[in-house]
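To keep things clear, I will list the structure first and then write my remarks on it.
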Amino acid sequence: MDVLAAYFTSTGFAGMTWGNAAMIAVGATFIALSIVKNYEPLLLLPIGFGMIVGNIPTPPGMQLSVYEPGSVLSYIYYGVRQGIFPPLIFLGIGAMTDFSTMLSSPRLVLLGAAAQAGIFLTLLGALWLGFPAEEAASIAIIGGADGPTAIFLSAKLAPRLLGAIAISAYSYMALVPVIQPPVMKLLTTRAERRIRMKPARTVSRREKILFPVGGFLITSLIAPGAVPLMGMLFFGNLLKESLVTERLAATARTSLIDIVTILLGFSVGASTQAQTFLRHESVLIFALGAASFVVATAAGVLFAKFMNLFLKDKINPLIGAAGVSAVPDSARVVQAVGREEDSSNHLLMHAMAPNVAGVIGSAVAAGILWSVLAK
């Protein structure tokens, strides 16, 4: 009986708390949403299963959790904690991104910039709630709807809140089709949603090759803190557009990004142990994340309406919502909302311009905040 009693105390049942059970339920919900609703399955399924794994109580000293030095999970989580995975994700994004629509209509870059208002307004809100400047900046990046960027900045400035910020950022990225349409419809009229835009001009190969080099120089000089992200993003794009390194580009946008996504999602989920995750700050982070995402969407739409006051060729304000960097989900939402009003109106390619500009904008914003707040 003594042996049985000793064994029971070493099982997960003995150490299970209501918090662990709640986080396991959240993980199961993420898995269900990814399978049943198809909400960002490539992200939510690894994160959800990681939550379940991370909240199984383990005996102390066995080196099993992400927070125990020497454990297998801690080695995987090292890529998150040290900000290694996000630049690799950006390499893959660059290798699969076509910047042609942005280059063909540079004015649409302004919509991507306007959507970053969600970041800086959330920064003020987090400071008002009492968060230190470093943590407030990390929370604010959630408004960019860019999970890798949020993880990268949090790892540098607010490692204590890394799990909560990462889960919040990826959760709202998955909920783009739920959160954005009501905001878009509230701020636009039916006539505005039916605006047709002229086809984009053809972009030459020379422009496509020069842009990654020029884009990197400009963004890195403005925000040196964004060098790891911008360097990998534009390097991946150059691999794609040069047409002489197709094997490398194909690896970056398929095998590499898939492997890193699996490791990042699973380890981030495993870091959400109830004992470290269920805190007052986590609730505030989720609330601020939701607010920042709504503000970013609204800012993009409203700035498009503002631009129309001075433009002869009007912009469909819906594409302003794609200024957040959830690529390509926000652009797809714009397409879906636009086709509800006019089934023959195709906005996807136009929306991709502010969408990819938003990726650059959120990374530059993160670089600026890191440069200013780094100690």
query: Any idea which residue in the stretch 72-95 is surrounded by the fewest Cβ atoms within 10 Å (Cβ to Cβ), counting only those that are among the aliphatic types (A, V, I, L, M) and over 16 Å from the mean Cα position of the chain (by Cα)?
result: Val72
task: Could you check how many residues of the stretch 290-348 are more than 23 Å from Phe120 (Cα to Cα), of a type in the set (Gly, Ala, Ser) and free of Cβ contacts under 8 Å to residues at least 40 places away in the same chain?
output: 2
- request: Could you figure out which of (1) over 26 Å from the mean Cα position of the chain (by Cα); (2) crowded, with 19+ Cβ neighbours inside 10 Å isn't true of Ala14?
  value: (2)
- prompt: Taking the condition crowded, with 24+ Cβ neighbours inside 10 Å, under 18 Å from Gly367 (Cβ atoms) and either out of contact with any Cys (no Cβ under 7 Å at 6 or more places or on another chain) or of a type in the set (D, E, K, R) (or both), does Ala226 pass?
  reply: yes
message: Which pairs turn up if I take residues in the stretch 125-146 that are within 12 Å of Leu161 (Cβ to Cβ) and free of Cβ contacts under 8 Å to residues at least 24 places away in the same chain and look for partners that are of a type in the set (Val, Ile, Thr) and surrounded by fewer than 22 Cβ atoms within 10 Å (Cβ to Cβ) with beta carbon separation below 7 Å, at least 6 apart in sequence or on another chain?
response: none
message: Considering only residues that are over 20 Å from Gly358 (Cβ atoms) and in a helix (DSSP H, G or I), which ones fall in the stretch 186-216?
response: Leu186, Arg190, Ala191, Glu192, Arg193, Arg205, Arg206, Glu207, Ile209, Leu210, Val213
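Only one of these is in a helix (DSSP H, G or I) and either over 30 Å from Leu278 (Cβ atoms) or at pLDDT below 90 (or both): Ala136, Ala113, Ala150. Name it. Give the derivation first.
Numbers: Ala136 fails: either over 30 Å from Leu278 (Cβ atoms) or at pLDDT below 90 (or both); Ala150 fails: either over 30 Å from Leu278 (Cβ atoms) or at pLDDT below 90 (or both).
Going through Ala136, Ala113, Ala150 in turn, the sole match is Ala113.
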- prompt: Being among the hydroxyl-bearing types (Ser, Thr, Tyr), at negative phi and within 13 Å of the chain's Cα centre (by Cα), is that true of even one residue in the stretch 113-133?
  reply: no
message: For the stretch 341-354, check the following and say yes or no: at least one residue is charged (D, E, K, R), more than 20 Å from the chain's Cα centre (by Cα) and part of a helix (DSSP H, G or I).
response: yes
query: Based on what the data block shows, is Ala22 at pLDDT below 95, in a helix (DSSP H, G or I) and surrounded by fewer than 19 Cβ atoms within 10 Å (Cβ to Cβ)?
result: yes
query: Restricting the search to the stretch 334-360, which residues are in contact with a Pro (Cβ under 7 Å, 6 or more places away or on another chain) and either at pLDDT below 90 or surrounded by 24 or more Cβ atoms within 10 Å (Cβ to Cβ) (or both)?
result: Met352, Asn355
- line: Considering residues that are surrounded by 16 or more Cβ atoms within 10 Å (Cβ to Cβ) and free of Cβ contacts under 8 Å to residues at least 12 places away in the same chain, the number found within the stretch 45-71 is 2
message: Restricting to the stretch 189-206, and then to whatever is surrounded by 14 or more Cβ atoms within 10 Å (Cβ to Cβ) and not charged (D, E, K, R), can you tell me which residue is farthest from Ala298 (Cα to Cα)?
response: Val203
- request: Any chance you could count how many residues in the stretch 162-177 are out of contact with any Lys or Arg (no Cβ under 9 Å at 6 or more places or on another chain) and surrounded by fewer than 21 Cβ atoms within 10 Å (Cβ to Cβ)?
  value: 1
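Yes or no: Thr219 within 15 Å of Phe90 (Cα to Cα), part of a helix (DSSP H, G or I), of a type outside the set (A, V, I, L, M, F, W, C) and modelled with pLDDT of 95 or more? Walk me through it before giving the result.
Numbers: within 15 Å of Phe90 (Cα to Cα): yes; part of a helix (DSSP H, G or I): yes; of a type outside the set (A, V, I, L, M, F, W, C): yes; modelled with pLDDT of 95 or more: no.
Considered against the rule, which asks whether it is within 15 Å of Phe90 (Cα to Cα), part of a helix (DSSP H, G or I), of a type outside the set (A, V, I, L, M, F, W, C) and modelled with pLDDT of 95 or more, Thr219 comes out as no.
Okay, residues lined up against (1) in a helix (DSSP H, G or I); (2) under 30 Å from Met352 (Cα atoms):
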residue	(1), (2)
Phe49	yes, no
Ile56	no, no
Gly61	no, no
Val66	no, no
Val80	yes, yes
Phe90	yes, yes
Gly94	yes, yes
Flag for Thr29 being more than 29 Å from Phe85 (Cα to Cα) and not hydrophobic (A, V, I, L, M, F, W, C): no
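Kindly indicate which of Pro57, Pro46, Pro69, Pro86 is touching a helix residue (DSSP H, G or I) at 6+ places or on another chain (Cβ under 8 Å) and over 21 Å from Asp258 (Cβ atoms). Walk me through it before giving the result.
On the way: Pro46 fails: over 21 Å from Asp258 (Cβ atoms); Pro69 fails: touching a helix residue (DSSP H, G or I) at 6+ places or on another chain (Cβ under 8 Å); Pro86 fails: over 21 Å from Asp258 (Cβ atoms).
Of Pro57, Pro46, Pro69, Pro86, the one residue that is touching a helix residue (DSSP H, G or I) at 6+ places or on another chain (Cβ under 8 Å) and over 21 Å from Asp258 (Cβ atoms) is Pro57.
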task: Being under 18 Å from the mean Cα position of the chain (by Cα) and part of a loop (DSSP other than H, G, I, E, B) is the filter; apply it to the stretch 280-333 and report the residue that is surrounded by the most Cβ atoms within 10 Å (Cβ to Cβ).
output: Val324
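What residue, of Leu108, Leu127, Leu121, Leu103, is part of a helix (DSSP H, G or I) and crowded, with 23+ Cβ neighbours inside 10 Å? It would help to see each step written out before you state the result.
Details: Leu127 fails: crowded, with 23+ Cβ neighbours inside 10 Å; Leu121 fails: crowded, with 23+ Cβ neighbours inside 10 Å; Leu103 fails: crowded, with 23+ Cβ neighbours inside 10 Å.
Among Leu108, Leu127, Leu121, Leu103, only Leu108 is part of a helix (DSSP H, G or I) and crowded, with 23+ Cβ neighbours inside 10 Å.
The values are calculated or read from the model by the stated rules, or taken from the named source; none is laboratory data. Predicted model only: the values in this text are computed from it and were never measured. Don't worry about glycine lacking a Cβ; one is built from the backbone with ideal geometry, like all the others, and counts go over all protein chains shown.
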